[in-house]
Structures are given as structure tokens and as C-alpha cells.
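Only the coordinates and a few stated rules stand behind these numbers; no lab work does. Everything numeric here is computed off the predicted structure, so don't read it as measured data. So basically every Cβ, Gly included, is an ideal-geometry build from the backbone, and we count neighbours across all protein chains shown.
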Amino acid sequence: MILDWLERRRLVRKGLACDKTRLSHSGDNLQGRMEGNWALRLLILAVFIVLLHLGVAWGNPGNNTERQILAFIVFVSGLMLLELDSPDVWRSNSRLVLIFGAVWFNLVMVKDMFLAWPPQNPASMDQLYFLRPCTFAPFLITLLLGTRAGLFTVIQVSMLASLLNQQNFTFLLVSLISGFTAVYFTQNVRKRVDLLKAGVAVGSMNLLCAVVLGLVVGRNWIDLGWQALCGIGAGIVTAMVVSAILPLVEGAFQITTTISWLELADLNHPLLQQMTMEAPGTYHHSLLVANIAESGAKAIGLDATACRVMAYFHDIGKIIKPEYFTENIPRGANPHENLSPSMSALVIIAHVKEGIDLALKYRLKQQILDAIQQHHGDSVVTYFHQRALQQQRDAREGGKIMNMREEDVPDVSENSFRYPGPRPQTKEIALLSIADAVEAASRSLEKPTAQRIEDLVNEIVEHKIIDHQLDECHLTMNEIRAAAEAMSVTVKNMMHTRIAYAKKDRTSASTVVQPTKRSSSTGSSASAAA
């Protein structure tokens, strides 16, 4: 490293290298290798097992072998459920650390409250059962990793917490009910106030359980009131704590929740504001791509808000040289006329790298960086590639007249016109790439009838499949078809033409505005697009 740095400084002094270096992530390769490393995964599971056994023995002097064995069985059976139901979480070491870390922290809170609680009478212990924050891990994991992972934490926390304490059936039942309620009301959280509402729902369910179970065992109304109050307070306070620590956990594990996506969807972001001033055509293009990608995501059950935000930022690199991109070029002034096709392609392709630089500078989320880098995959800049081939053919034809050999005319390398990639790695970015191509191509439709729009979308999707751009994103053919249909409907609505109105007749004393009579072809196009 030191020798490379010294050599670079020597070249800079001689004017043979640039002093600026491109911003990059540090340790990405190492992180990728560690994410699926089996040895590290076994170490994570072993550490949790040791902590689990220590938790069983904590505050319980004597022989705890039976409970430790039961806790181990519950943990192993939970692993089998996790691998079957959430294989993506099981294959990610960072996700395992997040889940088991949340579960362990939840168990520690419950056990600490149990040891510190003064067991004065049975009614007092029942108050503790409703006061324990058993919904902490379900709240947090459902927000970060989804419903299935959240249900896994409900079962693990409830069963292990009952084993770590008195193996009380009432506590197990209340924990399961409150945990399932937390997952149910957290799955559609879009704002932080929605998380507080979920906490109120959990508290209300705890209140109901407290009243019903209290009446079953014959508690007096004062004890029932305290149990109900403990249940409501535990649900609301737990939701508030999760809301407070959520940004820290998101940053530590590089996860973006729906709440954060909505915050990123604010069009007042400095980069987007800069785009409106310096590349207004690109800004308008990004908004249209966002609408198209969002409709496709909704059709197949993906995170539509994430697709929208990725579309907002996917072309921010065009801010650097906006005048070289079609949507920003004024009529009659094309800077590419003075450039060779290879140079034009180089300028176009560079917007991906420039976008990554800006995203790193403004500390955008990793998913947005991936969208910027992958939305073109390793596809070819077709227009300039075809232009270069045409110039090559013209040069060879002219060379025949001058008795030149064909070998004297250099070949056009397709790799020089390809984006660096990689291809889209997620379903959301794949939809973004399709929406980007659809919006750009739809501008060239002279008469955008419904059938022509459908044919255009299908043609673009087919081309991406043939070019293997969708091979690594795990989209199924059914999902691609459903998303394409939804995108077609959105483009039809976007390109729906309005009725043209006549201008005021200045020569007449009283002016009456009448709709102009449109040509039959335009009228049929409008009706088809409606």
C-alpha cells in the first residue's frame, strides 16, 4: 500500500496521474465474504447457546440441567423453522446477529425484571407478567426484517423467557398473544406514529388478557386494574423505545425500513433540488420513472416506496454533465455531433460512476448506491454502438475505393459501449431498470396508442431477458409479466392526451370557446389510451 501511494505521488508530480481518487466503500469485499461464511455462522450460534445457558442459570442456584436442555431444544427447533421459512435471513450472518441479539437483549430485560421484582403475593407476580417488555424483539425485527422473522422472534422470546424464569403458563400465553399482536400491527407501519399506534394495540390486548385471566382466577378489581395498567404501559413504552433506537440499528446493520424510505422520499433533498436547477429534464424523467417502477412493485408485492426513492436518485450522476443527455438537450443543439461515438458513449456511461460519487458524498443508503450502479446492468449503449458500426461500414466502403484493406479499418469493440455493471441483483432494481428503459423509449412514440404502449413495454422486457439483464435478480416470469402489465397501464395514463381547445377569435365581438375538431387518427389514439 505504501509503495503504491509513493508511486502514485511520483506520477502526480510528473503530471501523468490525477491527484483525485474516486470515493469507494472500504471493506465491501470482506463484508461480502463474511456474510455467508459458515464458520462465522456456527460461531454466532455457539455464542448464543452459551449465553442462553448462562441466562438459565442466572439467579437460579442449583441444578438447571433440565431447563438448559429444554432451552437448547427450543433454540434448535427455532433454527429449523428459520431456515425453512426465512432462508434469506438464515444465509445472512449479519441478520442472524441482529435477530439473536434482539432476542437475547429481550430475554435479559425480562430476566432482570423478574429477579428485581419483589414477590409479595401472587397478584403482584401477575402484574409483572403483563409489565415485562416481551414485545421488544418482535417490534424491532418485524420493522427491520419483515413479518416472518418477527413471528420467529415471538416464539423464541416467549418460550425461552418462560424457561429462564418460572415456566409459568400464564406468562407464556400473554407473551405469545402480545407478540403476535405486535407483529400484526407492525407489518404495515409507514410512520413513527403508526408504531405508537401498534404499541397502543398491544397494550389494549394486554388489558383484555389481564381482565379475562384475572376473572378466571378470581382477582379483585384493584388487582385487575393494576394488571391492566401494567399491560397498557408495557406496550406503549416498548413501542417508544423501539422507535428511538431504530435509526441506530438501521445504520449498524445497513437496513432501510419503510419509515426511512418515506423520509428519503422528500423531494427537498439537496441532490434533487440541485437536479431541478441543473438537469430539469432528468428530474422530470426520474419522477416519471418513479411512477412506473412503483406501479410495477405494487403489482407483485414489493416495497413500492423503495422503488420510488431509488428512481428519484438513480440518475443523479447526470448533474455533472447534463447537457449531454437527451432529456436536457435543447432543440437544435446536440453536443454529440462533435464527438466520436466512443467518446459519446464514454460520457453517457460515466453518469453511473459520477452518481456513485455523489451518493457517497451525501451518505445515501446502500440500496440507493446499488440502484445507481446496477440500473443499467452491463447493457450496451445501443445508439452510439450502432453509430460506430455504421461509421466502420462507411470507412470500409470508402477504403475499397482507395484500395485499402479491411484490416486497416479498426474493429468496433462492443465492450467499449457497455456499462460496467453489475446486473440488477434485487427485484426492486430490476423493476427500476425496466421502468427507466420504458420511460425513455416512450418519448419516441409518435402516436402512443394503448396497443403500441403495450408492445413497447413487452419489447423492452423481452430484450432485457434475451440480454440476460434479469438473470440475477430472482424475478419469476409471472412476476415480470404482472409488473409489465401494471407498467403499461401507468404509461398509458401518463401519455393520455387531452382535448385541444381553439384559441379566442379576436375578430368576433363575442368569443365562444369550442373544442377543435381533431383528426380521426389522433382521436382514435386518445380513445385507445384512455
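So for each of 129-140, 364-375, 342-353, 251-262 I average, over its residues, the number of other beta carbons within 10 Å; can you give me the resulting order with the highest mean first?
Put in order of decreasing packing, that is 129-140, 364-375, 342-353, 251-262.
I want to make sure I understand the PRE zone here: with the label point 7 angstrom from the Cα of ARG363 toward its beta carbon, which residues in the range 234-251 have backbone N atoms less than 19 Å away?
Only 244-251 pass the distance filter.
How far, in nm, would the chain grow between LEU208 and ARG481 when pulled straight, counting 0.36 nm per residue and subtracting the alpha carbon separation?
Value of the extension gain: 93.7 nm.
Under 16 Å between alpha carbons, and skipping anything fewer than 8 positions from LYS111 in its own chain: which aspartates and glutamates qualify?
ASP126
In the structure shown, do any of LYS353/LYS427; LYS298/LYS447; LYS321/LYS353; LYS447/LYS492 have a Cα-Cα gap over 19 Å, and if so which? List each step's numbers first, then the result.
Values: LYS353/LYS427 22 Å; LYS298/LYS447 28 Å; LYS321/LYS353 12 Å; LYS447/LYS492 12 Å.
Too far apart for the 19 Å limit: LYS353/LYS427; LYS298/LYS447.
Under 17 Å Cα to Cα from LYS318, which aspartates and glutamates show up? Leave out anything in the same chain fewer than 8 places away.
Qualifying aspartates and glutamates at Cα under 17 Å: GLU278, GLU327, GLU354, ASP357, ASP370, ASP436, GLU439.
Taking R0 as 25 Å, what's the FRET efficiency between MET80 and PHE105 from their Cβ-Cβ distance, rounded to 0.05?
0.60
Sorted by average packing, counted as other Cβ atoms within 10 angstrom per residue and highest first, what order do 265-274, 321-330, 295-304 take?
Ranked by mean Cβ neighbours within 10 Å, highest first: 295-304, 321-330, 265-274.
Considering Cα pairs under 8 angstrom that are at least six residues apart, work out the relative contact order of the range 275-337 and quote it in whole percent. Don't skip to the answer; put the middle values down first.
Values: 58 pairs, mean separation 24.0, N = 63.
The normalised contact order for the range 275-337 reaches 38 percent.
Report the far tail of the P(r) of the range 33-255, meaning the percent of Cα-Cα pairs longer than 31 Å. Working shown, then result.
Values: 4987 of 24753 pairs.
Result for the distance tail: 20 percent.
What is the diffusion coefficient of the range 219-357 in µm²/s, taking the Kirkwood radius over Cα pairs and the Stokes-Einstein relation at 20 °C with a viscosity of 1.002 mPa s?
115 µm²/s
Can you compute the charge dipole magnitude of the range 295-452 about its Cα centre, using +1 on each Lys and Arg Cβ and -1 on each Asp and Glu Cβ, nothing else charged? Give it in debye, rounded to the nearest 20.
Dipole about the Cα centre, nearest 20: 460 debye.
Can you give the FRET efficiency for ASN37 and PHE169, using 1/(1 + (r/R0)^6), R0 = 41 Å, r = Cβ-Cβ distance, to the nearest 0.05?
E between ASN37 and PHE169, to the nearest 0.05, is 0.55.
Hey, fewest Cβ within 10 Å first, where do ILE177, ILE429 land in order? Mind dumping the intermediate values first?
Values: ILE177 18, ILE429 25.
Least crowded to most crowded, the residues run ILE177, ILE429.
Could you tally the net charge around TYR324, taking each other residue with its Cβ under 13 Å from the Cβ of TYR324, Lys/Arg +1 and Asp/Glu -1?
Spelling it out: positives minus negatives among the neighbours equals -4.
Return the aspartates and glutamates within reach of LYS191: Cα separation strictly under 12 angstrom, same-chain partners fewer than 8 residues apart disregarded; answer none if there are no such residues.
GLU263
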